[in-house]
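Here's the structure, in structure tokens; my notes come after.
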Amino acid sequence: MEFKLAKSHDKTLASLLYSETNGGEMSEYIPSPREWVANQVALYESSGGTEGLTLRDTGLPVIIVTNRGNKTGATRKTPLMRVKDGDNYVLVASMGGAPKHPVWYYNLKTDRDVEIRDETQVFNMRVREIKDAEERARLWEIAVTAYPPYADYQTKTDRIIPIFVAEPKP
């Protein structure tokens with residue numbers, strides 16, 4: 001993916017706008033409405049993956065997942081906890097144990113192609129939602145080991161927190 005800085009009158013770090021070149025179509029990057037999320041994505045990407053690498057003050061590593069909005073078609077970027085399973089990334093749609101799925105969950109259900117930035121490396125990947133109970137249990141254990149609050153999040157909600165696996169594209 002190639003990114004080009006678009007004009008913006010807002011001077012904040014969160015207002016960095018990008019356009020994505022994808023098969024000749026331009027797709028505007030719409031930053032998250034959550035300021036801390038937009039700022040982290042901007043810092044992570046503007047530094048080339050050398051800054052903004054952890055979730056706030058936890059010291060725990062995050063990745064940036066780039067996907068296409070399911071309603072707007074715009075480019076969306078979300079920092080998620082870095083959870084690895086070999087060459088794959090485990091994406092946990094926890095939203096802190098909220099009663100609803102995060103918006104990016106619906107984006108991935110609509111378009112399975114994502115880009116994952118892990119520090120200075122960028123990977124084009126394809127996601128699949130985990131439905132098999134045995135595979136989900138194995139990946140959930142890996143996720144909770146990487147980020148223990150996931151266990152608490154599951155107790156705060158009646159929904160089963162969805163898990164996706166991002167696998168390298170063939």
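Can you name every residue in region 26-64 that is charged (D, E, K, R) and either open to solvent by less than 70 Å² (accessible area, probe 1.4 Å) or touching a residue at least 12 places away in the same chain (Cβ under 8 Å) (or both)? Steps first, please.
Here is the first cut: in region 26-64, the ones charged (D, E, K, R) are 28, 34-35, 45, 51, 56-57.
Passing the criteria: Glu28, Glu35, Glu45, Arg56.
Tell me which strands (runs of 3 or more DSSP E) are completely within region 72-152 and hold 3 or more residues being within 22 Å of Leu60 (Cα to Cα) and over 12 Å from the mean Cα position of the chain (by Cα), or say none if there are none.
On the way: elements: 75-81, 88-92, 113-118, 121-129.
Per the criteria, 121-129.
Starting from residues that are among the β-branched types (Val, Ile, Thr) and within 14 Å of Trp104 (Cα to Cα), keep the ones in region 65-89 and report whichever is surrounded by the fewest Cβ atoms within 10 Å (Cβ to Cβ).
Step one: of region 65-89, the residues among the β-branched types (Val, Ile, Thr) are 65-66, 72, 75, 78, 83.
Among the residues that remain, those that are also within 14 Å of Trp104 (Cα to Cα) are: 65-66, 72, 75, 78.
Working: Val65: 24, Thr66: 22, Thr72: 12, Thr75: 23, Thr78: 22.
Checked region 65-89; the qualifying residue surrounded by the fewest Cβ atoms within 10 Å (Cβ to Cβ) is Thr72.
For the condition among the aromatic types (Phe, Trp, Tyr), within 17 Å of Ser32 (Cβ to Cβ) and surrounded by 15 or more Cβ atoms within 10 Å (Cβ to Cβ), what is the one hit in Trp104, Trp140?
Being among the aromatic types (Phe, Trp, Tyr), within 17 Å of Ser32 (Cβ to Cβ) and surrounded by 15 or more Cβ atoms within 10 Å (Cβ to Cβ) holds for just one of Trp104, Trp140, which is Trp104.
Which condition breaks for Gln121 when tested against (1) under 19 Å from Ser32 (Cα atoms); (2) open to solvent by 60 Å² or more (accessible area, probe 1.4 Å)?
The failed condition is (1).
Taking Glu115 as the residue in question, decide whether it is surrounded by 17 or more Cβ atoms within 10 Å (Cβ to Cβ) and of a type outside the set (A, V, I, L, M).
Details: surrounded by 17 or more Cβ atoms within 10 Å (Cβ to Cβ): yes; of a type outside the set (A, V, I, L, M): yes.
Taking the combined requirement at face value, the residue satisfies it.
Looking at region 153-168, which of the residues that are touching a residue at least 40 places away in the same chain (Cβ under 8 Å) and more than 17 Å from the chain's Cα centre (by Cα) is farthest from Ile63 (Cα to Cα)?
Initial filter on region 153-168 (touching a residue at least 40 places away in the same chain (Cβ under 8 Å)): 153-159, 161-168.
Among the residues that remain, those that are also more than 17 Å from the chain's Cα centre (by Cα) are: 153-159.
Values: Tyr153: 20, Gln154: 21, Thr155: 25, Lys156: 24, Thr157: 24, Asp158: 27, Arg159: 24 Å.
By that ranking, first place goes to Asp158.
The values are calculated or read from the model by the stated rules, or taken from the named source; none is laboratory data. None of the values given here were measured: they were computed from a predicted structure. All Cβ positions, even for glycine, are placed from backbone atoms using ideal geometry, and neighbour counts span all protein chains on display. Remember, those area values only see protein heavy atoms, side chains included, never the ligands or the DNA or RNA. Shrake-Rupley method; radii C 1.70, N 1.55, O 1.52, S 1.80 Å.
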